[in-house]
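Colleague: First, the structure itself, so that you have it in front of you.
Read-outs: derived from the displayed coordinates by stated rules, not from any lab. Every value quoted in this text rests on a predicted model; they were computed, and no experiment measured them. No Cβ is skipped: glycine too gets one built from the backbone with ideal geometry, and neighbour counts run over all protein chains shown.
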Amino acid sequence: MKGLRRAVAMAALLAGAAGIQVIHSGAAQAALPTAAVALGDSFISGEGAGDYQPVTDTSGTAQSFPGWSAANSNAYFCHRSANASLFKASLPGIQARFNLACSGGRPADVASPSSARAGGRSVASQLDQLRAVAQTHDIDVVLIGLGSNNSQFTFGDVASLCANRFIADAWTGWWEFWAYLNGEVPQEPCTVSDLATDAEVAAATAETTAAVRQILDTLAQVDADGDHRVVLQTYTNPLPLDVAPQYRDEDDRTDTRDKFRALGAERYAAGCPIHRASLAPGHVFSQNLATLVKNTYTTLAAERPTADLRVLDVQRAFDGARLCENPGSPDGTLATPLRVQDGPSGTFVTSLSGRDKIAIQRMANTCITYFQTCQESWHPNAAGHAVLGQCLTAALTAGPRTTVTCTRGSGGTLTIS
């Protein structure tokens, strides 16, 4: 095959020199090594799974870790992990794998450089990166995780909203709230409409559908043999429907009382600083994201009836192993705990015991200024991405199904339906 490619390349070179237009044959195209590609946002890039690889920025420079105080726009903070699900899946026949996803990735980043929008990272558009891969490889598998960040809402904003309300409620008494804060810091649990309204989800669905359509159009143009499987993955909620009993109260105070610092510190240490009443709305938000992905599929499958396009539903892939679902959290869970740093120090704060509200505010501000210091929070960890890799394997081997649901049962067994 290598000899064939060299011969074709030499023929093309000679023909080009003679001013002859060269149309590559199917045999020559098939000689390219096969590849699997990941596109989308943090749940695909491997955020939370560690072992982050250098990322090439828009100038062509491979960016390694630049330090915690570096600008959040640095390409490295795409956090492309060697432990991402794409690399953990069994993909027979695939010779190379390319992770083009980026933490914080939005539908707009598919066709435009992420740096073209506020808060974006200095990486080329994902379509340009996809085209570059297609120059050297035959793309056979494409994993897409897109929609949790968009012009309407982002996962990071939703997570910080609910966590901040809980922390403010835990550390601030009613008299401080009114006397010093003028009632300006919300302390009540999150509601469904706080996270994303129906109108916002509809707008996000339209954005996501348009972006995935651009990906499919580009694949049709650049894929060597025109034969590829595309998987649209939903999202996994890192938190349970309710916390385990030992995380429900501390010092005879629940999260419905005024100021509950001991309980606040306990839940933060366990990785789930959030009101119990916020958990159900959070799961509605996750379900809305799944519906967004499925509606994107429905629209595009109708437009392209011959396309090998399918949905991988992983909403229940972490059942029984979510943060604070069992004693001893965050140990044994499949998601990263919510963690912040006290300044861009590189050391995560694991305990808030004994911290006053001034220290809490300082840490919150660090996360705002240097978002990379807390961006791993509430994402699949390395073990979680290994599970998602198994789900991806199942989605690609399940036969001609339009939707593959991956559910974690007792003992960690995955059921595919």
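Colleague: At 4 °C and a viscosity of 1.567 mPa s, what translational diffusion coefficient does Stokes-Einstein give for the chain, taking Rh as the Kirkwood radius over Cα pairs? Give it in µm²/s as a whole number.
Modeller: Numbers: Rh = 22.6 Å.
Estimated diffusion coefficient is 57 µm²/s.
Colleague: Ignoring everything except DSSP H segments at least 4 long, calculate the 222 nm mean residue ellipticity for the chain; use -39,500 (n - 2.57) per segment, divide by total residues, nearest 500.
Modeller: -12000 deg cm²/dmol
Colleague: Only four residue types carry charge here, +1 at the Cβ of Lys and Arg and -1 at the Cβ of Asp and Glu. Report the dipole size of the chain about the Cα centre in Debye, rounded to the nearest 20. Please report the intermediate quantities before stating the final value.
Modeller: Values: 31 positive and 38 negative charges, 189 e Å.
So the magnitude is around 900 debye.
Colleague: A further question on this structure: With unit charges on the beta carbons (Lys and Arg positive, Asp and Glu negative) and the dipole taken about the Cα centre of the chain, which residue among ALA280, LEU146, THR291 sits farthest to the positive side?
Modeller: LEU146
Colleague: Next question, about the same structure. Among all the aspartates and glutamates, which ones have a C-alpha under 12 Å from LYS357's C-alpha, if same-chain residues fewer than 8 places away are not counted?
Modeller: Straight-line reach from LYS357, under 12 Å: ASP169, GLU176.
Colleague: Still on this structure, please answer the following. Select from ALA132, ALA170, ALA307 the residue whose mean-square fluctuation is largest in a Gaussian network model of the chain (Cα-Cα springs shorter than 10 Å).
Modeller: ALA132
Colleague: Determine how many Å³ per residue the convex hull of the Cα atoms of the range 129-270 encloses.
Modeller: Details: hull volume 21.9 nm³, N = 142.
Once divided by residue count, the hull of the range 129-270 is 154 Å³.
Colleague: Report, in degrees rounded to the nearest 10, the 0 to 90 angle that the Cα long axis of helix 276-303 makes with the longest principal axis of the chain.
Modeller: 20 degrees
Colleague: Considering the Cα positions of the range 258-417, please state its Rg to one decimal place and its Dmax as a whole number of Å.
Modeller: 19.0, 61
Colleague: At what distance in nm do the modelled label points of THR154 and ASP128 sit from each other, each positioned 7 Å from its Cα along Cα→Cβ?
Modeller: Computed distance between label sites THR154 and ASP128 equals 2.0 nm.
Colleague: Based on DSSP, what percent of beta bridges with both residues in the chain are antiparallel, to the nearest 5? If you can, show how the numbers build up before the last one.
Modeller: Working: 10 of 33 bridges.
Around 30 percent antiparallel, to the nearest 5.
Colleague: Here's something else I'd like to know. With label points built 7 Å along Cα→Cβ from the Cα atoms of THR397 and SER69, find their separation and express it in nm.
Modeller: 5.0 nm
Colleague: Which angle between 0 and 90 degrees, to the nearest 10, do you get for helix 382-397 versus the longest principal axis of the chain when only C-alpha atoms count?
Modeller: Once rounded, one gets 40 degrees.
Colleague: Oh, and also: How much net charge surrounds LEU219 when only other residues with a Cβ under 15 Å from its Cβ are counted (Lys, Arg +1; Asp, Glu -1)?
Modeller: Net charge around LEU219: -4.
Colleague: What residues qualify as long-range amide H neighbours of SER329, i.e. H under 5 Å apart, gap of 5 or more or another chain, H built at 1.01 Å from N?
Modeller: Here CYS324 satisfy the definition.
Colleague: To continue, here is another question. Can you list the residues of the range 324-342 with backbone N under 19 Å from a point 7 Å past the Cα of ARG248, pointing along Cα to Cβ?
Modeller: Flagged as within label range: 324-329.
Colleague: Specify the angular offset, from 0 to 90 degrees and rounded to the nearest 10, of the alpha carbon long axis of helix 357-369 from the longest principal axis of the alpha carbons in the chain.
Modeller: Computed tilt is about 10 degrees.
Colleague: DSSP beta bridges in the range 295-417, what fraction antiparallel, as a percent rounded to 5?
Modeller: Working: 6 of 9 bridges.
In the range 295-417, approximately 65 percent of DSSP beta bridges are antiparallel ones.
Colleague: Cross-link partners among aspartates and glutamates for LYS294, C-alpha distance below 18 Å, same-chain residues fewer than 8 apart left out?
Modeller: Partners within reach: ASP41, ASP198, GLU200, GLU207, GLU303, ASP308, ASP313.
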